[in-house]
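Coordinate-derived values only; no laboratory data. Keep in mind that this is a model prediction, so the values were computed, not measured. Cβ placement follows ideal geometry from the backbone for every residue including glycine, while neighbour counts extend to all protein chains displayed.
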Amino acid sequence: MNDILKKKLQQLNTLVELSSLINSSLDTMEIKKRAINAATSLLDAETGNLLLIDQETEEIFFEAGLEEKLKKLRLKKGEGIAGWVVETGEPLIIQYTRSDHEFLKQVDKNDTFAIRDMVCVPLKTKDKVIGVLQVINKKHDYFDEDDKEVLIALANQVAIAIENANLYQELKEAFYCIAMALSEAIEKRDSYTGGHTKRVMDYSVSIGKAMRLPRKELENLELAAILHDVGKIGVKDDILLKGGKLDHNELKEMIKHSRYGAEILNHLRQLKDVAPGVKGHHERFDGKGYPDKLSGEEIPLIARIIAVADAFDAMTTDRPYRKAKSPEKALKELRDKMGTQFDRKVVEAFIRT
């Protein structure tokens, strides 16, 4: 087998492997990072850039790649090499870029990275250009037509992966909006809890970030916080809207709402990791909570976080039977109940936010 054929087969195998890797994620930022790594690996290049089109302004911006400062630059269609590729939809090989009249002057003044040659190809989905993929400085030679064709093949996969990730993100955002709308509709039954869901969600996410939760767990926390009171849909109005403290029997009915919420969510397979946070957000760290009297780390972490966020908002909001406490007094109460009602680590994380 001659060297040229061997090289092409090797590139093809690498392209297939890298394309699979890129398409294995629905995280837009992860796809972009993988795209740059794949492009530079495939073409034996020093570095690369991925630029996308802002759908509102139609400007082209640096999304990932060469230098952080380039991310501040915005190009118009037809401006610079990337702008020309976006405008024409045609790939381009450039050698000795500093003498090329198409090269954007701001980029040309980059004094920390010498650009010798470049391949720039469009990212297309359904004949629509959504951005460009560039690779810069071939390590052992100069870019040629074969390099351009290989990069086009990779760019096609990258474009599909980005489009799929964007569609997934849009669907996820729509679902979160629906969940929030449902929770706010339930909330409107009680005029004293207006905005409660949004505040508990914000507090919970802030705590989760302070505790450095992984992305997936943070998403589950956000959704559980949005839906933590969804079970109140099963509580009668005369109990939910009572303008005073509940008696023993009324309290027995009210505390069923966390179990009701979990039962509702357990009907949806996609929310199986969210339901425990909804069910357990009234458990206490000392085991005296409800509905299952769990204690300590038996209580799911997202439930322990929502418990703190929920309590803080309840204390700092007016109720029919009492006035709101100041944030300072509410924080003091959280501190006083660390290790009994609340998880110490969660309260300390909330104080840090």
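Data table
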{"item": "Residues I93 and K272, FRET efficiency given R0 of 51 Å [Cβ-Cβ distance, rounded to 0.05]", "result": "0.50"}
{"item": "Cα shape, segment 268-353, gyration tensor, a/c 1.5 rule", "result": "prolate"}
{"item": "Under Karplus coefficients 6.51, -1.76 and 1.60, residue-wise ³J(HN,Hα) of segment 183-188 in Hz, glycine/proline x", "result": "5, 5, 5, 5, 4, 5"}
{"item": "Cα→Cβ-extended label distance, 7 Å offset, between E184 and A114, nm", "result": "5.8"}
{"item": "Neighbour cut-off at most 12 other Cβ (10 Å), DSSP loop, chymotrypsin sites (Phe, Trp or Tyr not before Pro), segment 303-353", "result": "Y321"}
{"item": "Extension reserve of the I152-E348 stretch, reckoned as 0.36 nm per residue once the Cα distance is removed", "result": "65.4 nm"}
{"item": "Trypsin sites (Lys or Arg not before Pro) restricted to DSSP loop in segment 196-226 with at most 15 other C-beta within 10 Å", "result": "R212"}
{"item": "Label-point separation, E173 to E333 (7 Å along Cα→Cβ), nm", "result": "3.7"}
{"item": "Amide H contacts of F342 (H built 1.01 Å from N, under 5 Å, at least 5 apart or other chain)", "result": "F285"}
{"item": "Spin-label pair D144/D247, simplified geometry with 7 Å Cα→Cβ offset, distance in nm", "result": "9.2"}
{"item": "Over 18 Å between alpha carbons, listed pairs K272/K293; K188/K232; K209/K332; K232/K256", "result": "K272/K293; K209/K332"}
{"item": "Calculated FRET efficiency for the pair Q55/K323, C-beta based, R₀ 45 Å, to 0.05", "result": "0.40"}
{"item": "Relative frequency of Cα-Cα separations exceeding 17 Å in segment 243-303, percent", "result": "44"}
{"item": "Rounded if a/c under 1.5, otherwise prolate or oblate - segment 170-210, Cα gyration tensor axes", "result": "oblate"}
{"item": "Cβ-placed point charges (K, R +1; D, E -1), dipole of segment 173-309 about Cα centre in debye, nearest 20", "result": "120"}
